[in-house]
Amino acid sequence: MILLVEDEAITRNAFADALRMEGHQVVQAADGVQALSIFDKCHVDLVITDLVMPRLNGFELIDQIRSKRPHVPILLISAYISQKAGGIISSGSAEFMHKPIDPPDLIATVQRLLPNLH
């Protein structure tokens, strides 16, 4: 199952639809707090998260996920990249895609991160 965390509903729904069309199970969250609640209750194979969100941002979410299940792949998506985001990416804690993201590019990245999940 893919946990998709994005505060912009239009973007979240478009990404979820594209992933579902490829056969993936997707559960959606509008912010990091909602995402953590889902993460704690469900078996999640991949987390796709925005960086800038209300209540709990992408950095904080990644830290929480890494403390609970350090090997779950994480794809960080954002319209900008900060020094902190660069550090997370270079440390191997998360992959990164720059917004705007074309759905075919998202699908290709998900297939690379989850080659045996479909």
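Once Rh for the chain is found with the Kirkwood sum over Cα pairs, what is the Stokes-Einstein diffusion coefficient at 20 °C and 1.002 mPa s, in µm²/s?
Values: Rh = 13.9 Å.
Once the numbers are plugged in, D ends up at 154 µm²/s.
Please work out the average accessible area per residue across the stretch 1-87, using the 1.4 Å probe convention, and give it in Å².
Numbers: 4060 Å² over 87 residues.
Roughly 47 Å² per residue, with all protein chains present.
Can you pull the accessible area of Lys99 for me, 1.4 Å probe, Å² to the nearest 10?
Lys99 exposes around 30 Å² with every protein chain in place.
Taking 8 Å as the Cα distance limit and 6 or more residues as the minimum spacing, I'd like the relative contact order of the chain as a percentage.
25 percent
Keeping all protein chains in the complex and leaving out DNA, RNA and ligands, what accessible area do you get for Ser67 with a 1.4 Å probe, in Å² to the nearest 10?
Using a 1.4 Å probe on the heavy atoms, I get roughly 90 Å².
For Glu8, what accessible surface area do you get with a 1.4 Å probe? Give it in Å², rounded to 10.
100 Å²
The values are calculated or read from the model by the stated rules, or taken from the named source; none is laboratory data. The structure displayed is predicted, hence computed values, not measured ones. Side chains included, ligands, DNA and RNA excluded: accessible areas come from the protein's heavy atoms. Shrake-Rupley method; radii C 1.70, N 1.55, O 1.52, S 1.80 Å.
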